[in-house]
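All remarks here apply to the structure that follows.
Read the figures in this text as sums done on the coordinates, not as results from a lab. Since the structure is predicted, the reported quantities are computational estimates derived from the model, not experimental observations. We place every Cβ from the backbone using ideal geometry, glycine too, and count neighbours over all the protein chains shown.
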Amino acid sequence: MIINIAHTKGGVGKTAIATNLSIAFAAPILDLDIQQSSNRFFQIREEEGLNTLPVYNHLTNELIDRYKSNPKHHLIIDSGGMDNDIIRNGLEVADLIITPVSLSQVEIFGLEDFNDLLNSSNIIQRTKTFVLLNNVNLRAKKEIVMARDLIEGEFDFKLLATMLGSRKAYKEAYSLGRNTVELSPSSPAGQEIISLTNELKKHIKKMR
């Protein structure tokens, strides 16, 4: 399956999620971000003596043929925070699109723009587009409920049940070339990535 971590807005946490899922699924990454942050993650990982995975920089027909609609083998796309033909092509071939969003009004505006972009395509099925609440203060129960109600009521995304908290562990794991489960499986961040991985596996299973 091709799992695209996508948003045309930068700074929403796409790379942290993509690298965590890449390790969790033992899946290569297609890094379409101009900053090449996923590529750099695996460079750190190699320097740390950890097992690495392929990182691609171009979406090719070979990659599409190998991973598209393949429930046993996955490709993670770290999509750049921009809108161009390359990014749109990555969206169109994806089996799942995961869009990270925090609880800020700025990111809700960004989600509105991205929602319109997805709806402008005649190819992208909105049944495969999901919002992942990310970098969330999990104690802000009222704000979380309001955000969930807004997204479910106003946008064409499905909401993932898993939420990723605002935790230093995500930055620490990246700096060490690890995902949060490798860093500490019993930590809150480790448990969040385990939960997210399991939830995505359930969605993938339904698509077979």
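Please give the FRET efficiency for S187 paired with D116, using the beta carbon to beta carbon distance and R0 = 45 Å, rounded to the nearest 0.05. Step by step, r from the Cβ atoms, then E = 0.75. Out of all DSSP beta bridges with both ends in the chain, state the antiparallel percent to the nearest 5. Of all bridge pairs located within the chain, approximately 0 percent are antiparallel. Only Cα pairs under 8 Å and 6+ residues apart enter the sum, and on that basis the relative contact order of the chain stands at 26 percent. Entry note, the chain: the mean residue ellipticity at 222 nm calculated from DSSP H runs of n ≥ 4, each adding -39500 (n - 2.57), is -14500 deg cm²/dmol after division by the residues and rounding to the nearest 500.
Taking amide H as placed 1.01 Å from N in the peptide plane, V136 has its amide H under 5 Å from the amide H of L164, G165, S166, each at least 5 places away in sequence or on another chain. Among S104, T197, G177, which residue has its Cα positioned farthest towards the positive end of the charge dipole of the chain, with +1 placed on the Cβ of Lys and Arg, -1 on the Cβ of Asp and Glu, and the dipole taken about the Cα centre? Toward the positive end, the furthest listed residue is T197.
Site pair T52 and K201 shows an inter-label distance of 2.7 nm when each label is modelled 7 Å from Cα along Cα→Cβ. The phi torsions of region 79-94, fed into the Karplus equation with coefficients 6.51, -1.76 and 1.60 and a -60° offset, translate into couplings of 7, x, x, 7, 10, 8, 4, 5, 5, 5, 4, x, 5, 5, 8, 5 Hz, rounded to whole numbers, with Gly and Pro shown as x.
At a Förster radius of 30 Å, what calculated FRET efficiency corresponds to the Cβ-Cβ distance of K142 and D83, to the nearest 0.05? Calculated transfer efficiency: 0.35. Once backbone amide H atoms are built at 1.01 Å from N, V131 has T99, K158, L159, L160 as its partners under 5 Å, excluding neighbours fewer than 5 places away on the same chain.
Of the labelled options (i) 18.4; (ii) 17.0; (iii) 19.1, which one gives Kirkwood radius over Cα pairs in Å as computed for this structure? Matching entry in (i) 18.4; (ii) 17.0; (iii) 19.1: (ii).
For every other residue with a beta carbon closer than 15 angstrom to the beta carbon of V12, add +1 if it is Lys or Arg and -1 if Asp or Glu, then tell me the sum. Neighbourhood net charge equals -3. Label sites at A161 and R126, each approximated as a point 7 angstrom past Cα along Cα to Cβ, lie 2.4 nm apart. Computed about its Cα centre, the charge dipole of the chain is approximately 780 debye, with only Lys, Arg, Asp and Glu carrying charge at their Cβ. Among L50, S37, I124, pick out the residue whose Cα is farthest towards the positive end of the charge dipole of the chain, where Lys and Arg carry +1 and Asp and Glu carry -1 on C-beta, about the Cα centre. Of the listed residues, the answer is L50.
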